[in-house]
Amino acid sequence: MLSSRLKKLNPYIAGEQPRNLDFIKLNTNENPYPPCENVQTVLSKFDSAELRLYPDPNSTQLREAIALKHQVKPENVIVSNGSDEVLSWIFYAFFDSDENGHLLFPEHTYSFYEVYCSYYGIDYKKISLKEDFSIDTKDYLEQEKSCGIIFSNPNAPTSVLLSRDKIIGLLKKYDKNRVVVIDEAYIDFSIGGSVIDLVGKHKNLVVVRTFSKSMSLAGMRLGYAVAHSDLIDALYCAKDSFNSYPVDRIAQKIGLAAVENSSYYEFNAKKVIETRERFSEKLTSMGWIVPKSGANFLFVSKKGLSGQYIYEFLKKRAILVRYFHKKGLEDFVRITIGTDAAMDTLIKTLEGIG
Ligand SMILES: *Cc1c(COP(=O)(O)O)cnc(C)c1O
């Protein structure tokens, strides 16, 4: 009954979403602050009669607002149902193995990339990170053949940022006929780190963004890509060959309200950064290993404790974090930055671990 394609799939494992809200939930990198007030206003005023009609297939107003925010043209933007969806169009549209070589991505990065490779039958090659978890762009340029490059920046789950200059260096030297995708899911927590302004200059660059992290809308499912219009046209071809209406009417309106209140989210991102720095210092002083984070989470370890042990210790005490079964990551946990109060509770709890 099952297709041979399906039998080969190895799906993404999403973080736990407990029904019980009594947990301090620091396991899926959600934002601790609510969406802006306008989002609530849009929801309250929404007329269900509208739902009789299909939504705008191109999310035109939202697309225009995103273009304005990033000072590009609407033709440079495509909106999707969460950034996972635009990533799936990207894999479908630009990467294909045959004679073109493997898709390159870091050994440790967003695990969905590997899942999409299995979904679309794309060969890939994982490139090791340096010992401090940083990406060395030289390793990518030295590969004999490749059909493209993708990584998240800051990277996940390591939290480490690759500098803009290093990405520019990579773009200058890499094959102009192969696509380079930078998944900037967490870039708003690394002020000045984005390369979204470079899509005009580098016609093979695709930048992916999500509303789920810095914009407090994980529950709404909105994402987008910014790139040269030829690449965006290709992504439309992929989208319209699968689902013409991925973004519903409510999501389009809410996305618009959120983009028009960018300053509110910038303010919240600064608060999260401040909390992150304070929490990092505290953990470091308690003997934890804390790589410098550019994201709204930390990736940390403590000598003698496995990631799973830390996870279970905290879960018993009503705090959820995430650990990984992957080789090389077993000693680490990923901790989302919550409110100051949440992080204070976590610190107190971790004082008792051993
Ligand atoms: C959270 C995350 C996404 C997915 O975001 P959605 O828009 O919620 O689908 C994409 N890439 C990375 C690296 C992420 O951490």
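The values are calculated or read from the model by the stated rules, or taken from the named source; none is laboratory data. On a predicted model such as this, the values are computed, not experimentally measured, just so you know. Quick reminder, even Gly has a Cβ in these numbers, built from the backbone with ideal geometry, and neighbours come from all protein chains shown.
So, of the residues in the stretch 74-100 that are of a type in the set (Gly, Ala, Ser) and buried (at least 19 other Cβ atoms within 10 Å of the Cβ), which turns out to be farthest from the ligand (Cβ to nearest atom)?
So the first thing to find is which residues in the stretch 74-100 are of a type in the set (Gly, Ala, Ser), and the list is 80, 82-83, 88, 93, 97.
Narrowing the set further to residues that are buried (at least 19 other Cβ atoms within 10 Å of the Cβ) leaves 80, 82-83, 88, 93.
Numbers: Ser80: 8, Gly82: 3, Ser83: 3, Ser88: 10, Ala93: 17 Å.
Residue satisfying both the conditions and the ranking: Ala93.
Considering the stretch 44-60 alone, what residues qualify as being surrounded by fewer than 14 Cβ atoms within 10 Å (Cβ to Cβ) and in contact (Cβ under 8 Å) with a residue 12 or more places away in the chain?
Let us first name the residues in the stretch 44-60 that are surrounded by fewer than 14 Cβ atoms within 10 Å (Cβ to Cβ), namely 44-45, 47-54, 60.
If the condition is that a residue be surrounded by fewer than 14 Cβ atoms within 10 Å (Cβ to Cβ) and in contact (Cβ under 8 Å) with a residue 12 or more places away in the chain, then Glu50, Leu51, Leu53, Tyr54, Thr60 are the ones that fit.
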Applying the selection to the stretch 155-173, what residues are of a type outside the set (D, E, K, R) and either touching a residue at least 40 places away in the same chain (Cβ under 8 Å) or not in a loop (DSSP other than H, G, I, E, B) (or both)? Asn155, Ala156, Pro157, Thr158, Ser159, Val160, Leu161, Ile167, Ile168, Gly169, Leu170, Leu171
Being surrounded by 14 or more Cβ atoms within 10 Å (Cβ to Cβ), within 20 Å of Gly101 (Cα to Cα) and away from the ligand (no atom under 15 Å from the Cβ) narrows Ser146, Ser134, Ser128 down to just Ser146
Within the stretch 54-81, residues being under 25 Å from Lys201 (Cβ atoms) and in a loop (DSSP other than H, G, I, E, B) number 3
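State whether one or more residues within the stretch 205-214 are more than 15 Å from the ligand (Cβ to nearest atom) and either buried (at least 19 other Cβ atoms within 10 Å of the Cβ) or closer than 24 Å to Thr336 by Cα (or both).
First, pick out the residues of the stretch 205-214 that are more than 15 Å from the ligand (Cβ to nearest atom): 205.
After this cut, where a residue has to be either buried (at least 19 other Cβ atoms within 10 Å of the Cβ) or closer than 24 Å to Thr336 by Cα (or both) as well, the list is 205.
There is at least one residue in the stretch 205-214 that is more than 15 Å from the ligand (Cβ to nearest atom) and either buried (at least 19 other Cβ atoms within 10 Å of the Cβ) or closer than 24 Å to Thr336 by Cα (or both).
Residues in the stretch 103-112 that are away from the ligand (no atom under 12 Å from the Cβ) and buried (at least 20 other Cβ atoms within 10 Å of the Cβ): how many?
Here is the first cut: in the stretch 103-112, the residues away from the ligand (no atom under 12 Å from the Cβ) are 103-104, 107.
Now narrow it down to the ones that are buried (at least 20 other Cβ atoms within 10 Å of the Cβ): 103-104.
Summing the residues that are away from the ligand (no atom under 12 Å from the Cβ) and buried (at least 20 other Cβ atoms within 10 Å of the Cβ) in the stretch 103-112 gives 2.
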Residues satisfying the stated conditions in the stretch 219-243, i.e. in a loop (DSSP other than H, G, I, E, B) and crowded, with 17+ Cβ neighbours inside 10 Å: Met220, Arg221, Leu222, His228
Condition (residue is under 24 Å from Lys315 (Cα atoms), of a type in the set (Val, Ile, Thr) and out of contact with any strand residue (DSSP E or B) (no Cβ under 6 Å at 6 or more places or on another chain)) applied to the stretch 29-50: is it met by at least one residue? no
Would you pick out the residues in the stretch 18-34 that are within 14 Å of the ligand (Cβ to nearest atom) and either closer than 26 Å to Val259 by Cβ or β-branched (Val, Ile, Thr) (or both)? Thr28, Asn29, Glu30, Asn31
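Quick check on the stretch 322-354: of everything there that is outside any helix (DSSP H, G or I) and hydrophobic (A, V, I, L, M, F, W, C), which residue is surrounded by the fewest Cβ atoms within 10 Å (Cβ to Cβ)?
Kept after step one, since they are outside any helix (DSSP H, G or I), are these residues of the stretch 322-354: 322-339, 351-354.
From the residues that got through so far, the ones that are hydrophobic (A, V, I, L, M, F, W, C) too are 324, 329, 332-333, 335, 337, 353.
Details: Phe324: 20, Leu329: 19, Phe332: 26, Val333: 28, Ile335: 28, Ile337: 28, Ile353: 13.
Step by step, filter the stretch 322-354, then rank; the result is Ile353.
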Restricting the search to the stretch 246-272, which residues are outside any helix (DSSP H, G or I) and either small (Gly, Ala, Ser) or surrounded by fewer than 19 Cβ atoms within 10 Å (Cβ to Cβ) (or both)? Asp248, Glu260, Asn261
Only one of (1) away from the ligand (no atom under 13 Å from the Cβ); (2) at pLDDT 95 or above; (3) in a loop (DSSP other than H, G, I, E, B) is not met by Gly192, so which one is it? (2)
Could you go through the stretch 33-43 and let me know if any residue there is charged (D, E, K, R) and in contact with a helix residue (DSSP H, G or I) (Cβ under 9 Å, 6 or more places away or on another chain). yes
Considering every residue within the stretch 25-37, establish whether at least one is part of a helix (DSSP H, G or I) and either buried (at least 22 other Cβ atoms within 10 Å of the Cβ) or β-branched (Val, Ile, Thr) (or both). no
